[in-house]
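**Student:** Before anything else, here's the structure in question.
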Amino acid sequence: MPNVPIVQNILAANERIAQDIHQQLHERQIFTLNLMSSAGAGKTTLLEQTIQRLQTRLEIGVIEGDVETSADAERITLAGAQAVQIITQGTCHLEAHMVQLALQELTMDSLDLLFIENVGNLVCPLVGTWEKISK
Ligand SMILES: Nc1nc2c(ncn2[C@@H]2O[C@H](COP(=O)(O)OP(=O)(O)O)[C@@H](O)[C@H]2O)c(=O)[nH]1
Ligand SMILES: [Mg+2]
């Protein structure tokens, strides 16, 4: 049998940070929802409508993930919630360390509800296909 090197727990660092985030949110009793769907599915619209309906009763924060722009965070701020934009510069998902940094920008002690709008995760196959078509 050939001796093949095996790398295990490649996501261990991500997992440790994720657990730390989980503990912080749990200690502060911040109910958190991670929204994931394709680009254009209506995530930001749903958040705008939810914020407008709940903002007099709950302190809401939103972490926005986007490949390139801060347009969604601007929409969320206009709707009346605290927002932080993560621009991934081409990465199609959010990693735990990105969320950890974004959390530091929110006033966590006052938050009741946190939404994470994940990067529209079908955007990358779309971008790849578009690049091939447009060549
Ligand atoms: N007809 C219809 N359009 C919607 C609905 N929700 C969102 N949209 C539209 O779909 C587009 C993308 O919505 P957006 O919330 O930005 O999607 P996101 O990329 O998932 O955040 C916008 O032009 C919205 O106005 C819906 O329930 N019905
Ligand atoms: Mg959006």
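**Student:** Enumerate the amide H contacts of Asn34 below 5 Å, restricted to partners 5 or more residues apart or on another chain; note that Pro and chain-start residues carry no placed amide H.
**Tutor:** Ile116
**Student:** Using a 1.4 Å probe on the protein heavy atoms, what percent of the accessible area of the chain belongs to carbon and sulfur?
**Tutor:** Values: 4910 of 8950 Å².
Taking all protein chains in place, the chain shows 55 percent carbon and sulfur surface.
**Student:** So, one more: Taking the Cβ-Cβ separation of Ile17 and Gln52 as r and a Förster radius of 35 Å, what is the calculated FRET efficiency to the nearest 0.05?
**Tutor:** My answer for the efficiency is 0.60.
**Student:** Quick one, can you get me the convex hull of the C-alpha atoms of the chain expressed as volume per residue in Å³?
**Tutor:** Values: hull volume 19.2 nm³, N = 135.
Output value, Cα hull per residue: 142 Å³.
**Student:** Taking the Cα atoms only, what angle lies between the long axis of helix 123-134 and the longest principal axis of the chain, rounded to 10 degrees?
**Tutor:** 60
**Student:** Between Asn3 and Glu74, 0.36 nm times their residue separation minus their Cα-Cα distance comes to what?
**Tutor:** Result: 20.2 nm gained on full extension.
**Student:** Let me ask something additional. Once ligands and nucleic acids are excluded and a 1.4 Å probe is used, how much of Leu46 is accessible, expressed in Å² to the nearest 10?
**Tutor:** That residue has around 100 Å² of solvent-accessible surface.
**Student:** Right, next: Using the heavy atoms of the protein chains alone and a 1.4 angstrom probe, what is the accessible area of the chain per residue in square angstrom?
**Tutor:** Using a 1.4 Å probe on heavy atoms only, each residue of the chain averages 66 Å².
The values are calculated or read from the model by the stated rules, or taken from the named source; none is laboratory data. All values reported here derive from a predicted model rather than from experimental measurement. Ideal geometry is used to build each Cβ from the backbone, glycine not excepted, and the neighbour counts take in all protein chains shown. Accessible surface is based on the protein model in full, side chains and every heavy atom, while ligands, DNA and RNA are left aside. Shrake-Rupley method; radii C 1.70, N 1.55, O 1.52, S 1.80 Å.
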